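Beneath this line is the structure, given in structure tokens, with notes to follow.
No lab work stands behind these numbers, since they all come straight from the coordinates. Quantities reported herein were computed from a predicted structural model and do not represent experimental measurements. Cβ atoms come from the backbone with ideal geometry, glycine included; neighbour counts cover every protein chain shown.
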Amino acid sequence: MRTLAFDGRLGASGDMILGALLAVGADRSVLDPVESALPVRYAVDSTMKNGIDATTVDVLLTDESDEPDESDHDSHAHSQPDSHEHTHDHDGDHTHDHDHTHDHEHTHDHDHTHAEGHGAHRSYTDVLEIVDAMALPESVAADARGAFRLLGEAEAAVHGESLEAIQFHEVGADDAIADIVGAMLLVDDLGVDRIVTTPLSVGGGHREMSHGTYPIPGPAVLEIAERADWSIDGGPIDVELLTPTGAAILAQLADGVETLPALSVEQSGYGAGDFDFESHPNVLRATLGDGGSRLDRDSITVLETNLDDASPELLGGLHETLTAAGARDVSILPVTMKKSRPGHLLKVICKPEDAERVAHRLALETGTLGVREHGAGHRWTAHREIETVDLTIGGETYRVDVKIASTTDGEVYDISTEYDDAAAVAAETGRPIGEIMRRAETALEDGY
């Protein structure tokens with residue numbers, strides 16, 4: 001399985017993702033549809049960040065007669081020097097002085113206009129119309145639309161508005177569209193089967209927004225993280241490290257992993273952020289390689305306690321209450337305790353970051369005087385999905401869910417019918433549950 005892995009320990013922004021993708025071999029020419037549709041061009045260059053050679057990408061205006069848009073909107077206005085995104089000059093054009101080498105075909109101008117904030121404030125529908133007009137490959141267009149939907153839903157949630165009513169500010173500007181669509185085009189060019197990211201650092205401290213001073217991460221980043229598969233970490237420095245655009249791209253594309261997966265490395269590279277930090281290279285690392293056929297690696301810990309006075313009703317409800325607190329699995333085993341009394345061993349699997357909360361809920365529910373933690377480290381899990389099959393019995397059609405277990409490269413190794421669905425159909429039709437389960441699994445297998 002061809003896998004692209006991002007290392008999120010210094011966060012991510014749109015331009016860093018573009019740089020990292022180019023650094024691992026994506027073809028710059030696939031960005032042409034964006035440059036044809038918008039008054040922008042991608043300036044690709046290289047720089048050194050704390051001794052690391054990294055790729056920079058700036059989105060520049062091709063029509064410099066237009067002034068950048070003068071908006072400063074919540075966490076989308078990256079105008080302070082703590083941000084990965086380029087500084088937005090509300091007084092008009094601004095220039096950067098560069099002292100790095102120009103090793104790529106598309107180099108920086110020493111006096112140029114960045115596209116950040118350029119373009120009218122656009123609605124979610126306006127942005128989708130621009131994307132659709134680019135005549136992109138359907139998979140690329142779908143991913144771009146998905147990323148903008150994540151941004152729109154985040155902003156709508158923050159401001160208590162509907163998705164249709166929301167007006168994009170910075171993230172609807174030309175450079176944000178170029179970042180998102182460009183990232184999707186470059187990923188498509190790499191031809192990867194899976195994209196993953198380790199936990200993304202958000203930074204820390206505070207930043208000024210149009211509505212006041214907010215802690216980092218900003219509200220939009222948190223809303224996007226809530227919808228993403230990956231997790232976030234605070235620090236390691238008190239600046240903004242994860243931008244809404246970067247978060248939306250990775251939320252659309254990447255699965256979350258705790259550590260870099262096992263890879264036969266083909267290529268690695270770095271996308272550079274705009275600013276320099278004293279002890280941390282401001283880069284996003286991407287690694288491209290063959291991940292093989294395997295199960296997912298999931299970091300876990302195991303909690304357990306012995307119970308000698310729990311009622312059957314209490315034990316029966318623990319699965320639901322502990323799962324709500326963050327447990328991934330709950331097992332209750334009969335044991336013999338002191339004085340040969342019967343009891344139960346309660347074992348709970350959870351994520352390490354959820355352990356304290358789950359242990360607290362376990363103590364409240366059972367009254368146990370102590371909870372042990374065993375650092376299991378990790379478990380290997382299948383990729384799981386649910387498909388619904390239609391069964392025709394006695395002239396009636398019934399819908400049954402079937403669980404599919406597969407490896408990371410899509411090799412299916414187990415198919416099993418959801419018991420409750422099979423039992424419900426069996427009760428209605430008078431057929432044995434086992435027959436319903438076999439028929440559902442056969443129907444799904446015939447479809448492969």
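Specify whether the C-alpha gyration tensor of segment 383-446 places it in the rounded, prolate or oblate class, a ≥ b ≥ c being the square roots of the eigenvalues: rounded for a/c under 1.5, otherwise prolate if a/b is larger than b/c and oblate if not. Prolate, since a/c reaches 1.5 and a/b exceeds b/c. Between Ser162 and Glu435, what is the FRET efficiency for a Förster distance of 60 Å, r being their Cβ-Cβ separation, to the nearest 0.05? Here the calculated transfer efficiency is 0.80. Computed over the Cα atoms of segment 118-260, the ratio of the radius of gyration to the Kirkwood radius (Rg/Rh) comes to 0.96. When the Cα atoms of segment 297-381 are aligned to their principal axes, the ranges along those axes come out at 40, 22, 21 Å in descending order. Scattering from the C-alpha atoms of segment 211-285 alone, worked out with Debye: what is log10 I(q)/I(0) at q = 0.13, 0.24 1/Å? Values, matching the q order: -0.49, -1.37. Work out, in µm²/s and without decimals, the Stokes-Einstein translational diffusion coefficient of segment 282-435 at 37 °C, 0.692 mPa s, Rh from Kirkwood over C-alpha pairs. Stokes-Einstein gives a translational diffusion coefficient of 172 µm²/s.
Once the C-beta distance of Arg372 and Ser279 is scaled by a Förster radius of 41 Å, the resulting FRET efficiency is 0.60 to the nearest 0.05. Here segment 251-336 yields Rg over Rh of 1.21, to two decimals, using C-alpha coordinates and the Kirkwood radius. Take the Cα of Ala142, step 7 Å toward its Cβ, do the same at Leu364, and the gap between the two points is 4.2 nm.
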